[in-house]
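Below: the structure, in structure tokens.
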Amino acid sequence: MDDAFRSTRALKTQAYFAGAWRSASNGATTAVICPATGKEIGTVPRLTAADVHVAIDAAAEAFVGWSARTAADRAQVLKRWHGLILQEREALARILTSEQGKPLAESRAEIDISAAYIEWFAEEGRRVYGDIIPSPAPGRQTIVTKHPVGVTCAITPWNFPASMITRKLAPALAAGCTMLVKPSERTPFIALALVELAEEAGVPPGVISVLTGSSREIIKVMTDSAVVRKLSFTGSTAVGKDLIRQCSDTVKRMSMELGGNAPVIIFDDADVDAAVNGLMALKFRNSGQTCVCANRIFVQRNIAEKLSEAFVEKVRALKVGAGDQPGVQIGPLINAGAAQDMGRIVARAQEQGAQVLVGGGEPVPDSAFYLPTVLAGVTPDMDVARDEIFGPIAPLLVFDDEATVVAQANDTPYGLASYTYTRDLARAWRVSDALEYGMVGINEVAISNEVAPFGGVKESGFGREGSRYGLDEYLDIKYRCMGGLSA
Ligand code: SIN
């Protein structure tokens, strides 16, 4: 894996800011580990606070020119970037798998959606319309226009280290903003590879920065800065709450895409095969390390046995291994610590009365792999049903009636994604209306794409990514009241 990784043309090992590839001013570096092998695959600079200040100043300077360009002009640059990403799809997918662990097929799909965000926002950036509102008084005009927020920053996670970057960068750049990106310390190489292609596409110096190194040091400088006007974050609710507090002193705009505890409610009139296929795709994508994946699978009593048998059979057949090996469907978790967490979650669920139908057990020491697991006999009060799992463990809960299951599904501080399977149209509408979530998949689990508004309610955060709503997150509204216009 290491050789393939090193031979890719897009690999960059320096940070990128102020229009140049740079080391940390004190020469410090930080190691990146391949989850499948546990071996170091390279190092990136561990930037200092002084480096981050340089990047912020450059982003402020670049904003003047970038925001003054026409939307059509910015769109051309973004479209070139989109084309280059697709051209380098295979190299990028290999980098992604090497540092993140997911199977190559999933990495390729992630590169495709990463590019799709760029193309979508290149086009959508040309449709930033304002309003003229009929005035309440004679001789006046009420004019509303939209303007780029300014210098923005993004803090992105390791689970989708490419698409979570372009989902933020593309609308920011289309709107005319500049952006500082702080990728996860575990997955910086794909971020650097993407920005190399952005540079080649003609994104001007200072418009994008990729700041590698310690989150604690870099993020504090960005959140304290009055020059940075917006933060977009994808990550855990606990960290999100801290960032909200940190941004309060400078009253920054924020988008927060935080944790989830997604319910899947499968009614007895559902197409059971479709529901099982949906569960496989939803629960085991990225080894269950997604904030929209099934965390609680509620199945109506009279189909519970049939569904669990079909589900377990498919789970047992999943091929686990290093992401670059042919046919592998489940890669490692992000590190051995995450696999240990899975062992603890299963042991605790068993202590509380759940049964392991497949998988489970203690992970091998120092290994990031954990077997795909199905738990039966789970009840809503168990820890496994209350906490975000973030791994390949599927808890099955049995329910009897609609009102009770909807109340149970909503009984969580989270409100990101939810799903239901039913053939009854009226029930589909009623249940999706009652679910207190930002997103509801009805007989469908592939809910995330560039045209749809991705985001949550409650402690899953606020703001939307993707879709035309995603562009609004990078635009401020200005209202002009023009008077003295009477003849
Ligand atoms: C996630 O943020 O964990 C899921 C991202 C996606 O499905 O697009």
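The values are calculated or read from the model by the stated rules, or taken from the named source; none is laboratory data. Note that this is a predicted model, so its numbers are computed, not measured. In this analysis, Cβ positions are derived from the backbone assuming ideal geometry, glycine residues included, and neighbour counts consider all displayed protein chains.
Would you be able to say whether some residue in the stretch 233-241 is of a type in the set (A, V, I, L, M), outside any loop (DSSP other than H, G, I, E, B) and more than 30 Å from Cys177 (Cα to Cα)?
no
Quick grid of which residues meet (1) within 16 Å of the ligand (Cβ to nearest atom); (2) part of a loop (DSSP other than H, G, I, E, B); (3) of a type in the set (Gly, Ala, Ser); (4) in contact with a Gly (Cβ under 6 Å, 6 or more places away or on another chain):
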position	(1), (2), (3), (4)
Val77	no, no, no, yes
Trp81	no, no, no, no
Leu84	no, no, no, no
Thr97	no, no, no, yes
Lys102	yes, yes, no, yes
Ile111	yes, no, no, no
Ala115	yes, no, yes, no
Ile118	yes, no, no, no
Ala122	no, no, yes, no
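I need the full set of residues from the stretch 150-193 which are closer than 13 Å to Tyr117 by Cβ, in contact with a helix residue (DSSP H, G or I) (Cβ under 8 Å, 6 or more places away or on another chain) and away from the ligand (no atom under 16 Å from the Cβ), in order please.
Those that are closer than 13 Å to Tyr117 by Cβ, in contact with a helix residue (DSSP H, G or I) (Cβ under 8 Å, 6 or more places away or on another chain) and away from the ligand (no atom under 16 Å from the Cβ): Leu173, Ala174.
Could you tell me which residue of the stretch 177-203 is farthest from Thr30 (Cα to Cα), considering only residues that are touching a Phe, Trp or Tyr at 6+ places or on another chain (Cβ under 6 Å) and outside any helix (DSSP H, G or I)?
Cys177
Pairs please, first residue from the stretch 279-290 and within 16 Å of Leu375 (Cβ to Cβ), second anywhere and within 10 Å of the ligand (Cβ to nearest atom) and of a type in the set (Phe, Trp, Tyr), Cβ atoms under 8 Å, 6+ apart in sequence or on different chains.
Close Cβ pairs satisfying both conditions: Gly288/Phe390.
Is it the case, given these coordinates, that Ala91 is in contact (Cβ under 8 Å) with a residue 40 or more places away in the chain, surrounded by fewer than 16 Cβ atoms within 10 Å (Cβ to Cβ) and farther than 12 Å from Ile118 by Cβ?
Criteria not met by Ala91.
Of all residues in the stretch 442-461, how many are away from the ligand (no atom under 11 Å from the Cβ) and closer than 18 Å to Leu282 by Cα?
Within the stretch 442-461, residues that are away from the ligand (no atom under 11 Å from the Cβ) and closer than 18 Å to Leu282 by Cα number 3.
Is at least one residue of the stretch 258-276 surrounded by fewer than 16 Cβ atoms within 10 Å (Cβ to Cβ) and within 14 Å of the ligand (Cβ to nearest atom)?
The answer is no; no qualifying residue exists.
Going by the structure shown, is Gly323 without any contact (Cβ under 8 Å) to a residue 24 or more places away in the chain and over 30 Å from Asp401 (Cα atoms)?
Here the answer is no, as Gly323 does not meet what is asked.
If a residue must be within 18 Å of the chain's Cα centre (by Cα) and either within 16 Å of the ligand (Cβ to nearest atom) or at positive phi (or both), how many such residues does the stretch 207-237 contain?
Residues in the stretch 207-237 being within 18 Å of the chain's Cα centre (by Cα) and either within 16 Å of the ligand (Cβ to nearest atom) or at positive phi (or both): 6 in total.
Of the residues Val406, Val398, Val440, which single one is in a helix (DSSP H, G or I) and either crowded, with 19+ Cβ neighbours inside 10 Å or of a type in the set (A, V, I, L, M) (or both)?
Val406
Within the stretch 296-319, restricting attention to residues that are in contact with a Pro (Cβ under 7 Å, 6 or more places away or on another chain) and buried (at least 19 other Cβ atoms within 10 Å of the Cβ), which residue is farthest from Pro363 (Cα to Cα)?
Here the answer is Phe298.
Run Val221 past the list (1) closer than 15 Å to Arg46 by Cβ; (2) crowded, with 24+ Cβ neighbours inside 10 Å; (3) of a type in the set (A, V, I, L, M, F, W, C) and report the number of the one that doesn't hold.
Going through the list (1) closer than 15 Å to Arg46 by Cβ; (2) crowded, with 24+ Cβ neighbours inside 10 Å; (3) of a type in the set (A, V, I, L, M, F, W, C), Val221 breaks only (2).
In the stretch 150-168, which residues are under 17 Å from Ala122 (Cα atoms) and either of a type in the set (A, V, I, L, M) or at pLDDT below 95 (or both)?
Met164, Ile165, listed by residue number.
Just the residues that are within 29 Å of the chain's Cα centre (by Cα) and farther than 24 Å from Gly101 by Cα, please, taken from the stretch 348-375.
Selection gives Arg348, Ala349, Leu375.
For the stretch 260-287, what are the residues that are of a type in the set (A, V, I, L, M) and assigned to a strand (DSSP E or B)?
Hits for the stretch 260-287 are Ala262, Val264, Ile265, Ile266.
Of the residues Gly337, Gly343, only one is over 15 Å from Gln100 (Cβ atoms), within 22 Å of the chain's Cα centre (by Cα) and not acidic (Asp, Glu); which?
Every option except Gly337 fails the conditions.
For Trp158, are the conditions met, namely being assigned to a helix (DSSP H, G or I) and in contact (Cβ under 8 Å) with a residue 12 or more places away in the chain?
For Trp158, the condition - assigned to a helix (DSSP H, G or I) and in contact (Cβ under 8 Å) with a residue 12 or more places away in the chain - is not met.
Considering only the stretch 42-69, state which residues are assigned to a strand (DSSP E or B) and either over 26 Å from the mean Cα position of the chain (by Cα) or surrounded by fewer than 18 Cβ atoms within 10 Å (Cβ to Cβ) (or both).
Matches in the stretch 42-69: Thr43 only.
One residue is enough: does the stretch 290-304 have a residue meeting the conditions away from the ligand (no atom under 15 Å from the Cβ), aromatic (Phe, Trp, Tyr) and farther than 29 Å from Gln100 by Cβ?
yes
Can you report the number of residues in the stretch 202-222 which are among the acidic types (Asp, Glu) and at pLDDT 95 or above?
Qualifying residue count for the region: 0.
Within 26 Å of Ser448 (Cβ to Cβ), of a type in the set (S, T, N, Q) and within 16 Å of the ligand (Cβ to nearest atom): is that true of Asn335 in this structure?
no
Within the stretch 460-487, work out how many residues are surrounded by 11 or more Cβ atoms within 10 Å (Cβ to Cβ) and on the phi > 0 side of the Ramachandran plot.
Qualifying residue count for the region: 4.
How many residues, within the stretch 395-430, are over 13 Å from Ile265 (Cα atoms) and aliphatic (A, V, I, L, M)?
Within the stretch 395-430, residues that are over 13 Å from Ile265 (Cα atoms) and aliphatic (A, V, I, L, M) number 3.
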